Amino acid sequence: MTMLKETSRTFYIPINSLDLGLKEAVTSAYLCMRAIDEIEDHDDLDDKLKIELLVGVHQAFQSPNPMAEIQTLLSPHKAVLPTVTMQLDEWAQLCPTSGAPIVFHYIAKMSLDMADWVQNGWNIHTEEDLDRYTYSVAGMVGEMLSELWQWHDGTTSDRTKAIGFGRGLQAVNILRNRGEDLKRGVDFFPDGWGMKEMQQYTRRNLQLADSYIADLKEGPALKFCKIPLALAHATVNLIAVGGNKLTRDAVLKIVSRVSG
């Protein structure tokens, strides 16, 4: 939970309030995904090594002994990889045994997709390209969460809307990080798109996310989803008027309001 708090103020609060079992599964999934995301985005790794590591993670999570394979894969690079990545095997072990097949499936899938995006240089020219990218890094997170809700207490949800939930949150990040991404030579905006078009794309997916949580029954899934979605709406509204990042006070007020 300490690492989770250090890596995401957005998700620490809703994850920390989940039921036991589900809390460990979602924490495990988030930190595993953060670990591989740090490989994809690393400034000091060349693309060849990024691909090698991401494909290696994919293979490890499909193997009979993923923990040992992860350690073997990552240990030669401990001087350059961040702590959250070097502890990938620990985050994987945190997941309850019965939920691990769900989490491991999506970590493997995301790792391979990330390797493909590194291979093609994150080339995004059309809205279809953007949809593929936002699915790879966030839409499938929505799918995974839907499977975890059902695993935990039988909560059913719409998987298509779940993808919109993930996509909407990622699109907010793309808007917010526009300047930083361009500085590192990555452009997630399709050809001819400006902030207006990306905001429209974001709001369309956030509408799907609204519909997704409207369908959820009262319980931990709904309680969890309300917080990051409310923060996403507030952030895109702030960006629309020239801002960028919610203040800590604004975040706490939103969390308090949606948590009741």
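The values are calculated or read from the model by the stated rules, or taken from the named source; none is laboratory data. Please read all numbers here as calculations on a predicted model, not as lab measurements. Cβ: placed from backbone, ideal geometry, glycine included. Neighbour counts: every protein chain shown. Note: areas computed on protein heavy atoms with side chains; ligands, DNA, RNA excluded. Shrake-Rupley method; radii C 1.70, N 1.55, O 1.52, S 1.80 Å.
Just a few scattered comments:
- The residue that is surrounded by the fewest Cβ atoms within 10 Å (Cβ to Cβ), counting only those in the range 178-214 that are modelled with pLDDT of 95 or more and over 20 Å from Asp131 (Cα atoms), is Ala214.
- Selection within the range 24-54 - open to solvent by 40 Å² or more (accessible area, probe 1.4 Å) and either in a helix (DSSP H, G or I) or hydroxyl-bearing (Ser, Thr, Tyr) (or both): Glu24, Tyr30, Arg34, Asp37, Glu38, Asp47, Lys48, Glu52
- Boolean, Asp44 is touching a residue at least 12 places away in the same chain (Cβ under 8 Å), more than 21 Å from the chain's Cα centre (by Cα) and farther than 23 Å from Met1 by Cα: yes
- Filter result for Ile174 (part of a helix (DSSP H, G or I) and open to solvent by less than 60 Å² (accessible area, probe 1.4 Å)): yes
- Residue in the range 139-149 that is free of Cβ contacts under 8 Å to residues at least 40 places away in the same chain, part of a helix (DSSP H, G or I) and open to solvent by 10 Å² or more (accessible area, probe 1.4 Å) present: yes
- For the range 84-109, taking the residues that are in a helix (DSSP H, G or I) and hydroxyl-bearing (Ser, Thr, Tyr), the one that is farthest from Glu147 (Cα to Cα) is identified as Thr85.
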